1. Run Leu107 past the list (1) in contact with a helix residue (DSSP H, G or I) (Cβ under 7 Å, 6 or more places away or on another chain); (2) assigned to a helix (DSSP H, G or I) and report the number of the one that doesn't hold.
2. Name the one entry in Val137, Val125 that is assigned by TED's automatic domain parsing to the domain that holds Asp73, buried (at least 18 other Cβ atoms within 10 Å of the Cβ) and not in a helix (DSSP H, G or I).
3. Read through the list (1) in a strand (DSSP E or B); (2) buried (at least 17 other Cβ atoms within 10 Å of the Cβ), then give the number of the only condition that Lys102 fails.
Amino acid sequence: MKLLFNGPFACALLFAGVFFTGCTSPSPDAVFSSDPSQPPPTMTNTYQTPDYAFARFSKGDTLDVTLSDAGPDITFPPYEETIKEDGTITMSLVGSIQAAGKTAGELQKAIHDLYVPKFYRRLTVTVKSSSDRVYYVSGEVHGPGRLAYIGGTTVTKAITAAGGLTDFANPKRVWLIRSTGQRIRVYYDKALKDPTQDPIVYPDDQINVERKWW
């Protein structure tokens, strides 16, 4: 009798353990939510920036291109050009180069590969934008409007540059809206304490701080 009792009882315990373990499986991690009904995340994760979010050159941007380190007796004049309507710039020896849609690093590599090894054994290429690049902050901040883009700007830094939150701001309803249309909800107080919760801002992004309602 003792063996008959312990066998079924042990099986029942094992089944219950498997059942409840399956019911409590963790859901996929999320750092920023696009769902306003969701509470702030409790897990710490590193925000992974999607490829399209990196700052990319556009038609009308003015680029400064510097070529150097080709050799001790080789010098290059300063080069500046505005990206044309077809998205290209034109450089000596190599002709037309697609620039619009590329990051600085991608365009540097493209120019380098056109010159090396066909024309030079080695070459350093540096590309910078001299155009006015901006982002926008709206809603409950003291100085809403269009702000000059500076590399490394995050949502909390952008809000600080816009004068900080007003007394009517809802720190739990801050939205970063990418130029692609992607909406990312940022919890301001949490982002101040944890850099992984404070996404990078790129040119033409928008930040909107909603008003709180009592």
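The values are calculated or read from the model by the stated rules, or taken from the named source; none is laboratory data. Keep in mind that what you see is a predicted model, and the values were worked out from it rather than measured. All Cβ positions, even for glycine, are placed from backbone atoms using ideal geometry, and neighbour counts span all protein chains on display.
1. All conditions are met except number (1).
2. Numbers: Val137 fails: assigned by TED's automatic domain parsing to the domain that holds Asp73.
Within the list Val137, Val125, the selection yields Val125.
3. It fails just one condition, (1).
For every residue, the table says whether it meets (1) at pLDDT below 95; (2) surrounded by fewer than 14 Cβ atoms within 10 Å (Cβ to Cβ); (3) part of a strand (DSSP E or B).
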| residue | (1), (2), (3) |
| --- | --- |
| Gly152 | yes, yes, no |
| Ala158 | no, no, no |
| Arg173 | no, no, yes |
| Leu176 | no, no, yes |
| Arg185 | no, no, yes |
| Ala191 | no, no, no |
| Asn208 | no, no, yes |
